[in-house]
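A short worksheet on the structure shown next.
Taken together, the values in this text are just the output of simple stated rules run on the coordinates, not laboratory data. This is a predicted model, so every value here is computed, not measured. For neighbour counting, all protein chains shown are included, and Cβ atoms are generated from backbone atoms with ideal geometry for every residue, glycine included.
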Amino acid sequence: MKIILIILMSISMSPTFAEAQSAPLAPVLPNNPASYGAHAVVDQPSPHAAGEMYFQQKGTGSIPRAFSAKLADIVNGADFGMLCNGSNDDTAALNHALAYAASVAPAVVNLPLSNTHCVITGTVSVLDNVTLAGTHGQTANLSAGVVNLDPMILLAGNGAAIRDLYINASASGQNTRGATIAVRNVNAPVIADVNIQGPFIGIDLNGNQALVDQTIISSIHSAGSIGIRIGALTTYGGTVDARISNTTVIGDPSHPGDAAMQVLDAGGLLVTESDMQMTKIGTQIAPGANQWVAWASLNNTYVGDTNAVNALEIDTRAPSARVEGLECSACWTASAQSDNILIRNTGGGLVSEIHFNGLRNYNGASNGANVKAGTFVTFDASRFCGNGRGGGAAANIVYGPNVSAYAVRNSELGGSCGGLFKAAPQHGIVLAGNNAGGLVSGNDFSGSGTPISGAPTGDSVVSSNLGIDTAPATVASAATIDVHTAPVVMLTGNVKISAIRPTWNGRTLKLIPTKGTASFTTGGNLCNAATAAQNVPVDAYFNGICWNLK
């Protein structure tokens with residue numbers, strides 16, 4: 001290239017070329033593709049320095065530009081001394097290239113073409129409106145020259161971006177701290193088409209309108225390691241509108257990291273078509289002091305798959321922490337070695353309005369979903385199959401003591417899902433006690449050993465469920481009878497009945513004597529006495545205080 005430029009410079013300073021340069025300006029080319037010439041050195045009079053070479057783009061309206069300006073359009077790390085030979089330290093050269101790009105931004109810094117890695121031993125800073133770009137594949141791009149870089153790459157300015165990079169974060173050994181890519185609290189950073197291998201924290205994401213797309217983070221290894229961490233530097237939902245799309249995080253199955261994705265503080269987080277697998281927890285939502293995870297949307301996403309503990313964990317770490325308004329649509333939570341979904345409130349903050357719509361919850365070793373805390377935690381049009389494979393009295397859904405304002409509607413809760421799974425839990429739903437404000441309707445409990453264990457309280461509705469409405473309970477007459485959640489009860493025996501359990505406001509019940517006359521008397525929770533002949537139904541309605549019988 002140097003020889004060619006020298007020759008061109010020699011030509012430009014020859015008498016013949018000088019005469020051509022002094023000729024009148026050539027007419028503008030007509031707007032006719034057939035008349036466009038090839039890219040060429042153009043003989044134009046110019047105020048530029050004598051001996052300068054010029055380039056003119058073909059096409060109407062183009063102007064001549066100095067070759068030096070044209071070549072400066074493309075910034076390459078090699079221009080600043082990057083060797084990318086797998087041994088020399090390229091950190092300083094790359095930082096010089098990025099600093100220059102920031103001075104003429106917006107600009108792109110390309111890595112040199114090489115089939116060996118560019119060795120990085122310190123932090124590389126990408127500033128405002130600068131893009132660091134590599135090429136696809138795992139034979140080149142960036143390699144950590146030391147362990148525990150913190151960070152290896154810093155997106156430190158608004159509009160900073162990383163694209164088309166392979167980063168071997170563990171090239172010098174297993175990391176035990178530090179982030180491979182750290183994003184400060186900036187606006188519109190982009191991480192796209194990036195492959196990170198062996199980080200401690202793959203991406204530490206903060207700021208506004210961040211985008212992570214088409215990215216793979218693999219070999220999340222050992223305690224403390226996280227694939228994507230969101231909002232560690234912000235509070236009150238200050239990491240706003242972060243978007244994670246088409247991204248996969250993979251743990252090391254022999255020594256799984258803590259979480260594929262950890263959300264600490266986020267307002268309006270959007271996660272779509274991504275996969276969080278083989279870590280201890282797939283997706284962990286765990287805000288701390290003054291941190292809020294509010295109005296997050298997870299769509300068409302494998303929130304957790306084949307995780308060593310839970311596929312999804314929601315918890316608080318401080319009284320001022322909040323998790324609210326989460327929507328998980330067409331999500332996947334499967335094959336966890338404990339509960340597929342665990343929701344609790346350890347820190348005593350707020351957990352409310354957590355909604356699952358079209359969830360596929362499969363093959364958990366224990367419960368499908370264990371809701372230990374929270375209000376308005378709902379499941380709609382969801383499928384729970386094959387859970388409880390580890391044995392024991394598991395359930396597809398557990399609502400713990402005092403969990404209120406919940407709903408399970410139009411979902412499959414029987415367990416085997418048409419024979420696709422061998423295992424099925426003992427219980428469809430467990431209501432552990434004082435579970436007011438429940439709505440359980442339109443579900444399929446077919447094949448469940450106990451469709452509902454326990455019963456709702458307060459203002460609740462249980463109705464139109466296969467496996468409950470279609471299978472009346474048989475109960476022997478006694479002073480107090482427990483009819484579970486059945487809407488129809490076949491009574492045996494002739495002992496007078498004075499109390500019926502369980503109750504919730506507005507509950508309706510049909511009692512049918514099958515062995516002679518049935519007698520009902522006051523003194524328990526019955527509003528009035530009644531007698532019914534064999535096979536004559538008694539209709540009962542609980543008014544919040546006692547049962548009205550007719």
For the range 105-252, what's the radius of gyration and Dmax over Cα atoms, in angstrom? 13.9, 45
Suppose the chain between THR346 and GLU273 were pulled fully straight at 0.36 nm per residue; how much longer would it get relative to their current alpha carbon spacing? 23.3 nm
Between ASN185 and LYS422, Cβ-based FRET efficiency (R0 41 Å, step 0.05) works out to 0.25
Can you spot the aspartates and glutamates whose alpha carbon is less than 18 Å from LYS58's alpha carbon? Ignore those fewer than 8 places along the same chain. ASP43, ASP73
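Under the definition of Cα pairs under 8 Å and six or more residues apart, what whole-number percent is the relative contact order of the chain?
5 percent
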Give the cross-link partners of LYS70 among the aspartates and glutamates, using a straight C-alpha distance below 15 Å as the criterion and excluding same-chain residues fewer than 8 apart. GLU52, ASP79
May I ask which residue of LEU491, THR180, LEU431 lies farthest towards the positive end of the charge dipole of the chain, with charges of +1 (Lys, Arg) and -1 (Asp, Glu) on Cβ and the Cα centre as origin? LEU491
Cα point-scatterer Debye curve for the chain, base-10 log of I(q)/I(0) at q = 0.10, 0.12 Å⁻¹: -0.86, -1.06
Using square roots of five times the C-alpha gyration tensor eigenvalues, list the equivalent-ellipsoid semi-axes of the range 250-395 in whole Å, biggest first. 22, 16, 15
Sequence-separation-based contact order of the range 473-549, relative, with Cα cut under 8 Å and 6+ spacing, percent: 26 percent
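Could the peptides 409-419, 532-542 be put in order, highest first, of the mean number of other beta-carbon atoms found within 10 Å of their residues?
Numbers: 409-419: 19.5, 532-542: 14.5.
The packing order, highest mean first, is 409-419, 532-542.
Taking the inverse of the average 1/r across all pairs of different Cα atoms in the range 473-549, what Kirkwood radius in Å do you get?
Details: mean 1/r = 0.0842 Å⁻¹.
Roughly 11.9 Å, rounded to one decimal.
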Give, in nm to one decimal, the length gained when the segment between ASN505 and LEU71 is fully stretched (0.36 nm per residue of separation minus the Cα-Cα distance). 148.4 nm
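For the chain, give the share of DSSP beta bridges that are antiparallel, in percent and rounded to the nearest 5; count only bridges with both residues there. Show your work: numbers first, answer last.
Numbers: 15 of 164 bridges.
Percentage antiparallel, nearest 5: 10.
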